[in-house]
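What follows is a single structure, written as structure tokens, with notes after it.
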Amino acid sequence: MAHFPKAHGVGEWLDHRLNITALKKVMMTEYWIPKDINFLWAMGMILAFTFKILLISGIFLLMYYKPDVNAAFDSVNYTIMQEVGYGWLFRHIHAVGASVIFLVIYIHMFTGIYYGSYKKGREMIWLSGMLLLILFSAEAFSGYMLPWGQMSYWAAYVITNIFGGIPLIGDELVVWIRGNFYVADATLTRFFMLHVLLVPLAIMGGIAFHFYTLRIPHVNNQTGEDIDFGKEAEKYKENPKRSKIIPFWPVFMAKDVFVLSVFLLFFFYLVFYNYGFAMDPVNFDPANGLKTPAHIYPEWYFLWSYEVLRGFFFDIGPLKAADIGLLAFGFAQAILLFMPWLDRSPTVAPANQRPYFRYWFWIMIVVLIVLTIYGKLPPTGTNAWIGFASSIAFIVMFAILPVITEKEARTVAGGKK
Amino acid sequence: MKELKILAVIVVFTGITYWGVEPLAHSIFHPHVAPADFKFADLDRFEAEGTVANGKSQVEMNCIACHGIESEGIVAPMDKQTANMSYGVVPPDLSLAGAIYDETFLAGFIKNPAKATKTEHKFTGGKMHPMPGYDWMSNEDIASIIAYLKEVSTKKLEKEALELKAEMNSTQDSTEQEAIKKAAEKAHRKEVFENACGRCHDMKYAKIEATSDVSNYMGSTPPDLSMMIIARGEKYLTTFINDPQKHLHGTAMPRVGLNENAQKAVIKYMEETGDSKKEEREALAPWVLGFLGIMVILSFLWKKEVWSEVK
Ligand code: HEM
């Protein structure tokens with residue numbers, strides 16, 4: 001058995017048993033981050049914090065929410081919003097949090113793409129991040145159903161219907177997902193389970209995994225420079241000003257906390273004054289399976305892929321429009337996973353310093369914004385054609401990515417390093 | 001500074017996306033309509049003099065066969081269920097009619113209810129509006145009816161004002177007085193709402209149940225109005241209540257003909273019901289944002305200090 005000398009004070013006592021001094025070093029004071037970073041590197045911590053906000057506000061909502069088609073709408077809009085003390089605050093925080101976390105996820109992802117942070121040993125960071133994106137999408141979709149308003153119902157109806165397009169098993173699959181032939185109580189209760197138990201658990205595991213994938217490759221920096229962390233750590237201990245790295249605690253976190261505070265100011269401004277974008281007005285009409293709303297659309301963060309789905313609105317030869325849309329949709333969901341392999345250039349550098357990629361990056365952002373905006377507008381007349389063109393553009397952009405990065409690799413002679 | 005440039009890029013792209021999915025999309029879903037018309041300009045101008053006394057006898061001869069006027073001690077001739085069965089909808093009590101309906105509208109309505117409510121498309125093929133039109137009546141008689149209804153409402157409101165004053169004088173505490181006054185104002189708004197909308201619509205969260213079941217008469221069940229202030233928003237309601245056909249062409253909901261004040265009271269009451277925590281929200285906001293503002297400053301100072309040792 002280990003030898004336990006008498007401890008002087010609680011800290012030492014704990015240290016003997018849990019080795020907290022070493023743990024603190026490994027996790028905080030000697031967990032190294034490059035010094036040459038900007039506020040975009042704080043997005044990860046903002047995401048972790050926003051997730052915590054969602055978890056806590058969600059627990060409060062859970063105390064009064066009733067997962068039953070006859071009680072759900074009133075439990076949210078009357079009990080929580082009007083009767084429970086500050087219930088409205090928790091609901092606004094939860095709804096705005098769910099919407100804003102996607103904005104930050106997208107910023108975080110595109111930071112990764114811009115700086116090439118998914119390459120050269122960082123592939124697992126990217127994949128674990130994509131896993132989180134998928135889990136958050138599931139969490140958002142299942143949560144949106146819970147208030148059982150018109151949009152809850154009809155978005156659930158439309159999205160579950162998509163699975164019906166899968167050959168052979170489609171129809172059975174839809175029934176299996178819904179737990180009924182139509183969207184009903186069984187659908188609500190199972191999505192409730194997913195939303196409050198299974199998916200949050202998976203997200204927590206996913207975040208732990210994502211953090212772990214960062215340990216060995218370390219995070220990237222503003223120039224993409226390949227840092228020798230061992231050597232720089234020695235330098236830091238001699239003179240912090242001369243080293244290219246900083247410790248996670250307190251230096252990295254000092255900046256994160258500042259960025260987080262600014263973010264929270266913006267966040268709570270939305271919570272109090274501008275929450276409509278996160279709580280669609282149509283969802284304040286109770287669900288009614290007999291009355292289709294004039295416009296059905298998902299939340300804003302799903303619009304780009306929704307537009308790819310419906311962008312193909314006419315049959316091509318023997319292919320039905322719906323099937324082409326479904327294929328394109330599947331492509332859009334999966335393709336980002338392969339980013340580390342579609343980018344054939346070994347160069348790790350900001351997009352603006354890469355010959356073709358610099359155009360690719362900004363065009364991609366424009367295409368996604370166009371898809372997002374037209375994903376909400378009625379798909380009629382020119383709107384339909386713009387949706388079609390931008391869906392094609394989206395696919396073409398990913399098809400040419402390997403080509404232009406291959407070319408880059410050749411012209412820059414093996415890349416920067 | 002570079003970080004500000006990055007921030008600007010993010011703000012611009014986020015702003016464009018926001019503009020597209022919110023203001024732009026909503027302006028397309030709900031095309032702009034002409035502002036509410038409280039003059040009811042599509043109805044004939046009505047210029048005639050009438051007297052309260054003549055109005056009283058006209059109303060007693062023609063109207064109380066169906067309507068009650070509670071404040072005058074006139075009870076409706078039928079109980080609600082029988083009335084509902086006979087007319088498809090319970091004729092509303094007229095105690096407040098003179099105060100909440102616009103005059104031009106009232107004249108137009110008495111002459112031709114379907115036309116004034118813009119629901120002529122519902123009454124074709126022999127179907128008749130449950131209230132008969134009085135276009136055979138002289139303009140003087142109609143003006144008299146309106147004068148009488150106004151008189152009735154004024155009397156009722158004056159009486160209520162006196163009662164309120166007495167109740168407020170029963171206490172010295174000014175906050176208590178304020179509370180009594182607020183409660184009375186809210187009760188008035190509720191009454192206006194019940195008069196104008198309560199024969200067709202439920203409002204569950206205010207424990208208001210429609211007096212009639214109009215599903216047969218209207219061809220559809222009017223929705224519960226509890227959350228409409230959020231589901232449709234004030235702007236939509238302002239033009240919708242004033243003229244439902246503007247937003248829902250061909251709808252069964254009648255134009256009810258409220259004057260501007262009454263419509264404001266209805267919308268305010270809908271807000272008090274559907275968005276009851278608005279005041280609390282607006283009162284709390286500056287505290288939370290102020291606290292976070294201080295956090296921003298403190299965390300900035302901390303960051304500067306920590307980084308001054310490494311940079
Ligand atoms: C909500 C879930 C997420 C959380 C809590 C989270 C958290 C973090 C944190 C704390 C970091 C380190 C600090 C930083 O660079 O910001 C990080 C880095 C990273 N994350 Fe995430 N992340 C999430 C989602 C994602 C997603 C969806 C992706 C994209 C697929 C992603 C890709 C990355 C990449 C590539 C890095 C490395 C950045 C670099 O090396 O510079 N993450 N994440």
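The values are calculated or read from the model by the stated rules, or taken from the named source; none is laboratory data. Given the structure is predicted, the values throughout are model-derived calculations rather than measurements. No Cβ is skipped: glycine too gets one built from the backbone with ideal geometry, and neighbour counts run over all protein chains shown. Side chains are part of the model used for accessible areas, which takes the heavy atoms of the whole protein and leaves out ligands, DNA and RNA. Shrake-Rupley method; radii C 1.70, N 1.55, O 1.52, S 1.80 Å.
To keep it simple, each residue is scored yes or no on (1) in contact with a Lys or Arg (Cβ under 8 Å, 6 or more places away or on another chain); (2) at the interface with chain A (Cβ under 10 Å from one of its Cβ atoms); (3) loosely packed, with under 10 Cβ neighbours inside 10 Å; (4) closer than 30 Å to B:Phe105 by Cβ.
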position	(1), (2), (3), (4)
B:His30	no, yes, no, yes
B:Val33	yes, no, no, yes
B:Asp37	no, no, no, yes
B:Ala48	no, no, no, yes
B:Thr51	no, no, no, yes
B:Lys56	no, no, no, yes
Suppose we filter A:Glu238, A:Glu234, A:Glu225 for residues that are within 14 Å of another protein chain (Cβ to nearest Cβ) and either more than 8 Å from the ligand (Cβ to nearest atom) or aliphatic (A, V, I, L, M) (or both); which single one remains? A:Glu238
Count of region A:241-264 residues which are open to solvent by 40 Å² or more (accessible area, probe 1.4 Å), more than 9 Å from chain B (Cβ to nearest Cβ) and part of a helix (DSSP H, G or I): 2
Output the residue which, of all residues in region A:40-70 that are over 19 Å from the mean Cα position of the chain (by Cα) and among the aliphatic types (A, V, I, L, M), is farthest from the ligand (Cβ to nearest atom). A:Val69
Taking the conditions exactly as written (at the interface with chain A (Cβ under 8 Å from one of its Cβ atoms) and modelled with pLDDT of 95 or more), does B:Glu280 satisfy them or not? yes
Could you figure out which of (1) at pLDDT 95 or above; (2) within 14 Å of the ligand (Cβ to nearest atom); (3) within 16 Å of B:Glu309 (Cα to Cα) isn't true of A:Val257? (3)
For region A:297-383, list the helices (runs of 4 or more DSSP H) that sit wholly inside it and hold at least 2 residues that are modelled with pLDDT under 95, on the phi > 0 side of the Ramachandran plot and open to solvent by 10 Å² or more (accessible area, probe 1.4 Å); which are they? none
Given (1) of a type outside the set (Asp, Glu); (2) part of a loop (DSSP other than H, G, I, E, B); (3) over 23 Å from the mean Cα position of the chain (by Cα), number of the condition B:Ala147 does not satisfy: (2)
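If I go through region B:162-186 residue by residue, how many of them are within 17 Å of B:Ala262 (Cβ to Cβ) and open to solvent by 60 Å² or more (accessible area, probe 1.4 Å)? Walk me through it before giving the result.
Of region B:162-186, the ones within 17 Å of B:Ala262 (Cβ to Cβ) are B:184-186.
Now drop any that are not open to solvent by 60 Å² or more (accessible area, probe 1.4 Å), which leaves B:185-186.
Total satisfying the criteria: 2.
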All but one of (1) open to solvent by 40 Å² or more (accessible area, probe 1.4 Å); (2) within 11 Å of the ligand (Cβ to nearest atom); (3) among the hydroxyl-bearing types (Ser, Thr, Tyr) hold for A:Ser128; state the number of the condition that does not hold. (1)
Which residues, taken from region B:227-239, are under 12 Å from the mean Cα position of the chain (by Cα) and crowded, with 21+ Cβ neighbours inside 10 Å? B:Met228, B:Ile229, B:Leu237
Residues that are in contact with a helix residue (DSSP H, G or I) (Cβ under 7 Å, 6 or more places away or on another chain): which helices (runs of 4 or more DSSP H) entirely in region B:1-118 hold 1 or more of them? B:2-19, B:25-29, B:52-62, B:97-100, B:103-111, B:113-116
Residue ID - farthest from the other protein chains (Cβ to nearest Cβ), chosen from residues in region B:203-224 that are assigned to a loop (DSSP other than H, G, I, E, B), open to solvent by 20 Å² or more (accessible area, probe 1.4 Å) and touching a residue at least 24 places away in the same chain (Cβ under 8 Å): B:Thr211
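Does region A:197-211 contain at least one residue that is away from the ligand (no atom under 16 Å from the Cβ) and either at pLDDT below 95 or among the aliphatic types (A, V, I, L, M) (or both)? Explain how you work it out, then say what you get.
First, the residues of region A:197-211 that are away from the ligand (no atom under 16 Å from the Cβ): A:197-198.
Subset that is either at pLDDT below 95 or among the aliphatic types (A, V, I, L, M) (or both): A:197-198.
Yes: region A:197-211 contains one or more residues that are away from the ligand (no atom under 16 Å from the Cβ) and either at pLDDT below 95 or among the aliphatic types (A, V, I, L, M) (or both).
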